[in-house]
Each structure stands twice: as C-alpha cells, then as structure tokens.
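Peer 1: Structure provided below as structure tokens; questions to follow.
The values are calculated or read from the model by the stated rules, or taken from the named source; none is laboratory data. Being a predicted model, the structure only gives us computed values, none of them experimental. Virtual Cβ from ideal backbone geometry, glycine too; neighbours counted across all protein chains shown. When the accessible area is computed, the model is the full protein with side chains, heavy atoms only, and any ligands, DNA or RNA have been set aside. Shrake-Rupley method; radii C 1.70, N 1.55, O 1.52, S 1.80 Å.
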Amino acid sequence: MASRCWRWWGRSAWPWTPPLSVGSIPSFRHQFSTQETTPQICVVGSGPAGFYTAQHLLKHPQAHVDIYEKQPVPFGLVRFGVAPDHPEVKTAHCGRCAFWGNVEVGRDVTVPELREAYHAVVLSYGAEDHRALEIPGEELPGVCSARAFVGWYNGLPENQELKPDLSCDTAVILGQGNVALDVARILLTPPEHLEKTDITKAALDVLRQSRVKTVWLVGRRGPLQVAFTIKELREMIQLPGTRPILDPVDFLGLQDRLKEVPRPRKRLTELLLRTAMEKPGPEEAARRASASRAWGLRFFRSPQQVLPSPDGQGAAGVRLAVTRLEGVGEATRAVPTGAMEDLPCGLVLSSIGYKSRPIDPSVPFDSKLGVIPNVEGRVTDVPGLYCSGWVKRGPTGVIATTMTDSFLTGQMLLQDLKAGLLPSGPRPGSAAIQALLSSRGVQPVSFSDWEKLDAEEVARGQGTGRPREKLVDPQEMLHLLGH
C-alpha cells in the first residue's frame with residue numbers, strides 16, 4: 001500500500017506545505033536503523049482532529065503516523081457532518097502517513113494493543129453520540145437527533161435507516177448552533193439546488209417530497225447567546241425561496257449593549273438586529289413576499305415535553321417553558337418564568353450538542369463532561385497516550401478551532417518525544433497491528449482502497465450531473481474492493 005497523508009482546508013483557508021514524500025511504508029526489518037529509531041505514532045479517528053494532529057506530528061522528519069478509522073472511508077465530520085452544500089474541504093497527498101479504515105478501536109483492536117505497538121497513541125475519535133433531551137415524548141416517532149439527521153443526508157452508514165417523515169408543514173429544531181442552522185437550511189433549500197451537491201440520492205428523493213414550509217429554531221437564551229456563526233446566519237438569510245421570521249421584541253435594548261460585546265459576536269448580533277428591526281429594501285421585500293418557505297428563531301424557550309399526536313403515533317408539537325436570563329457574561333443562564341406555551345409541529349430535531357463515548361476500559365473517561373481527562377492533550381496518568389479534538393475539549397468550536405487544538409496536542413507529543421519521555425527502542429507499528437487484525441478476520445481499507453471507492457462515487461455521480469453519489473453500505477464498499 002502506498003503511504004499517504006493529507007492536506008486540509010477547513011471553512012477558513014489554511015495553507016500548509018506538505019513534508020517530502022518518502023515512498024511506500026518500509027518493512028518491519030527496514031524501519032529501524034541501528035543509529036535512530038523511527039517514531040511510530042498512531043492516531044485514532046480520521047476526522048479533522050485526527051488529520052490536523054497527524055499533520056503536526058509529521059513535522060518530525062522521521063515520524064511515521066498511522067490513522068485508524070472505524071468507517072471504511074476517511075474524513076469523519078467533513079464527509080458526514082459538514083453540510084453537503086459546503087464542499088470546500090479538500091485533500092492532497094504526502095508521505096509517512098497511512099490510513100487504515102474499517103478498523104474499530106475498542107472492538108477490533110484494543111488501546112493497550114496499540115500502545116504496545118506504537119511509541120505514542122492519540123485518541124481523536126470525536127463525539128459520536130448526541131445529548132438526550134431527557135423530556136417526556138422524545139421517544140415518539142417524528143423525533144430524532146440533528147446528529148442522526150445530518151448523518152442520514154450525508155451518507156453515514158449507521159443512519160441510513162432513519163427515514164424521516166417530512167409530510168408535516170412545520171419542523172422544530174431544539175438548539176441554535178451551526179448544526180441546527182445546517183439542518184434548517186437543508187430542510188428549506190429548493191431540491192434543485194441540492195441536486196448539485198453530494199447529498200445522498202435517498203435523502204434527495206425524500207427532500208423532493210417534503211411538505212415542510214416552516215422551521216423554528218428554539219433556544220433557551222437570547223440573541224446574544226446563539227451558538228451559530230455569521231457565515232451560517234448569512235446563508236440562511238439569503239436562502240432562495242425563504243424568508244426569516246424574527247420578533248423585534250426579542251431585540252429591544254440590544255443595540256446599547258453591543259459596545260461590551262467581542263467583535264465576532266458584535267458583527268453577528270448586528271446582522272440579527274438589521275434583519276429583525278430594519279425595513280428591507282424594495283428588492284429584498286419583494287423576495288421575502290414571494291417566498292413560499294420560512295424559518296424563525298424562538299428565544300427564551302426551554303423544551304419541557306414533546307406532545308403526542310391524537311393517535312400517539314407521532315409528534316404534534318413541543319411544550320416550551322418561557323425563560324428569562326439571570327447573570328452576566330458567560331455565566332448568563334436561563335431560568336423558567338412559570339409561563340408555558342405550545343408550539344405545533346410534526347417533526348422535532350434535537351440539536352443540543354454532541355457527546356463522546358468511552359472507547360476502551362483502559363482509557364480514563366469523564367462521563368459527565370463527555371471527555372477524556374487530560375492536560376494540554378496528555379491523558380491524565382497514562383504516559384504515551386494523548387487526545388485531541390472534541391474528545392479532548394468537548395463538542396465546541398468550528399474546524400479552525402479543532403486545527404489549533406490538534407496542533408497543540410501534536411506539539412506536546414513531540415516535546416515529550418524530544419525529552420525522552422516516550423518509550424525508547426523500536427516499535428513494530430502497523431506491522432504488529434495488521435497481524436492482529438488478520439488473525440481476527442478484520443480487513444482494513446487502505447487509502448489506495450479509498451481512492452477506488454472515491455472514483456466509483458464520482459463515476460456514479462456523473463450520470464446525474466452531481467459531484468458524486470456516496471456509497472452508504474459498508475458491505476457494498478468492501479465487496480467493490482474484493483474484500
């Protein structure tokens with residue numbers, strides 16, 4: 001297998017000069033000279049955190065990095081989490097980095113086995129679960145997590161059985177972050193626009209039949225506490241065929257408070273204020289008047305119950321507690337006023353956050369915070385074990401935040417390597433792990449294998465004028481590779 005590593009651009013362009021290619025992965029005998037040991041490092045997870053960590057580690061001129069991924073395909077959040085109408089994340093090749101897909105750490109191979117084979121192990125497997133609402137009715141048909149919905153339209157294999165019912169007029173998204181806006185945008189975007197993206201064919205077929213005309217995004221706090229960014233908000237405001245619904249009452253007095261707000265938040269709030277308070281120009285007014293769909297932000301509302309339909313076979317609405325804010329700055333919290341209101345809808349999507357899962361009994365895990373306890377990426381009390389990304393700091397920030405965070409973990413690891421704090425002497429790296437996997441009947445997918453799947457997806461997409469048609473069945477992927 002040819003060795004590979006990858007170059008990433010997130011939503012903000014970050015140029016990177018790749019290290020020189022060193023050809024194919026050397027054999028076990030050739031890997032270690034008598035003068036110098038090749039640092040063997042493995043990264044678990046091939047999303048942005050994993051790749052950015054690997055990128056920094058490759059600054060060491062001899063380091064070899066193996067990336068393990070439970071899906072047969074790489075790129076994690078960028079393939080399965082970034083909305084399909086955001087195609088700007090791209091890749092390129094360089095040397096000394098290998099991808100091994102279709103390998104689930106904690107099931108196919110344990111963390112102690114990885115630690116035995118490598119000088120250092122970095123856990124970058126992200127936040128694979130969603131936070132439950134923990135309210136009555138969330139188990140009803142018509143209620144699902146935004147994470148599962150995103151996985152469904154982006155082709156994540158585990159979410160292909162979701163089959164959301166979009167026959168209702170109104171959808172409610174509980175949460176006001178970027179994921180919530182992504183989901184609202186996909187629900188409201190004209191299908192002819194989505195046809196130009198790599199959204200899955202199954203999802204596109206369902207969205208073509210959608211009757212959803214109004215999407216409400218509900219938040220416990222106010223306009224100054226929304227978690228989305230200005231880029232996503234601007235896209236929503238300009239979305240073809242839709243109009244925003246913002247209550248000017250929610251924005252009274254905000255103008256006077258902008259002086260004390262940090263610049264990114266100030267720009268975001270100013271855009272919200274203009275949209276809510278200012279009369280649009282003739283062209284924009286005409287566009288909004290002709291819009292057949294709408295989206296709105298409902299502030300100061302906390303979900304208490306999903307209301308069942310009369311037959312109990314679906315959702316008919318959400319009961320919301322009206323809230324008010326207490327505290328200042330980061331300590332601002334929503335407290336109930338005692339008032340309640342019901343918001344009718346037929347689809348409820350919870351977008352109140354992702355959370356990580358424990359990966360292996362040998363790895364410490366804070367189940368309350370949903371993170372691996374660490375200091376600057378060094379896992380607490382486990383020398384040679386590191387973490388980066390959401391499993392390190394929690395599911396916050398955008399891809400650029402993950403890049404900075406992952407570079408810091410990589411920097412700490414290289415410092416420890418230089419200081420002699422990691423095991424000395426040769427380690428077998430992937431040679432030992434591949435032997436283990438083979439004995440267990442696990443067939444890893446290499447990066448050259450992924451390139452074959454990539455070519456197949458692109459070829460299938462060409463027939464319909466789309467950039468690709470994603471493969472969503474792991475068994476079909478392995479069959480195409482002859483595994």
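Peer 1: Looking at this structure, is E158 free of Cβ contacts under 8 Å to residues at least 12 places away in the same chain and touching a Gly at 6+ places or on another chain (Cβ under 9 Å)?
Peer 2: Here the answer is yes, as E158 does meet what is asked.
Peer 1: If you don't mind, another one. Of all residues in the range 250-271 being of a type in the set (K, R) and over 20 Å from I237 (Cα atoms), which is least open to solvent (accessible area, probe 1.4 Å)?
Peer 2: The qualifying residue least open to solvent (accessible area, probe 1.4 Å) is R257.
Peer 1: Here are the criteria: (1) in contact (Cβ under 8 Å) with a residue 40 or more places away in the chain; (2) open to solvent by 20 Å² or more (accessible area, probe 1.4 Å); (3) among the hydroxyl-bearing types (S, T, Y); (4) part of a helix (DSSP H, G or I). Tell me which single one T464 does not satisfy.
Peer 2: Result: T464 fails condition (4) only.
Peer 1: Another question, if that's okay. Report whether or not G338 is farther than 24 Å from T396 by Cα and loosely packed, with under 15 Cβ neighbours inside 10 Å.
Peer 2: Yes.
Peer 1: For a quick check of your reading of the model, give me the residue pairs whose first member lies in the range 400-427 and is among the charged types (D, E, K, R), whose second is not in a helix (DSSP H, G or I), with beta-carbon atoms closer than 7 Å and at least 6 apart or on different chains.
Peer 2: D405/S388; D405/G389; D416/L422; R427/Q40; R427/Y118; R427/H119
Peer 1: Now for a separate question. Residue by residue through the range 163-219, note down the ones that are among the aliphatic types (A, V, I, L, M), touching a Phe, Trp or Tyr at 6+ places or on another chain (Cβ under 6 Å) and open to solvent by 10 Å² or more (accessible area, probe 1.4 Å).
Peer 2: Those that are among the aliphatic types (A, V, I, L, M), touching a Phe, Trp or Tyr at 6+ places or on another chain (Cβ under 6 Å) and open to solvent by 10 Å² or more (accessible area, probe 1.4 Å): none in the range 163-219.
Peer 1: Condition first: under 25 Å from F228 (Cβ atoms) and open to solvent by 50 Å² or more (accessible area, probe 1.4 Å). Now tell me which residues in the range 366-383 satisfy that.
Peer 2: Correct list: L369 only.
Peer 1: Right, next: Assuming K59 fulfils every condition listed in (1) open to solvent by 20 Å² or more (accessible area, probe 1.4 Å); (2) modelled with pLDDT of 90 or more; (3) in a helix (DSSP H, G or I) apart from one, which condition is it?
Peer 2: (3)
Listed here are the residues, each with its yes/no results for (1) among the acidic types (D, E); (2) closer than 13 Å to G50 by Cβ; (3) not in a loop (DSSP other than H, G, I, E, B).
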{"site": "R107", "(1), (2), (3)": "no, no, no"}
{"site": "P112", "(1), (2), (3)": "no, no, yes"}
{"site": "V122", "(1), (2), (3)": "no, yes, yes"}
{"site": "E134", "(1), (2), (3)": "yes, no, no"}
{"site": "E138", "(1), (2), (3)": "yes, no, no"}
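Peer 1: Do any helices (runs of 4 or more DSSP H) entirely within the range 179-284 hold 2 or more residues that are among the polar types (S, T, N, Q), and if so, which?
Peer 2: 263-277
Peer 1: Can you find a residue that is in a loop (DSSP other than H, G, I, E, B) and touching a residue at least 12 places away in the same chain (Cβ under 8 Å) anywhere in the range 323-335?
Peer 2: Yes; the residues of the range 323-335 include at least one that is in a loop (DSSP other than H, G, I, E, B) and touching a residue at least 12 places away in the same chain (Cβ under 8 Å).
Peer 1: Take the residues in the range 115-130 that are surrounded by 24 or more Cβ atoms within 10 Å (Cβ to Cβ) and of a type outside the set (G, A, S); name whichever of them is nearest to L422 (Cα to Cα).
Peer 2: Of everything passing the filter in the range 115-130, H119 is nearest to L422 (Cα to Cα).
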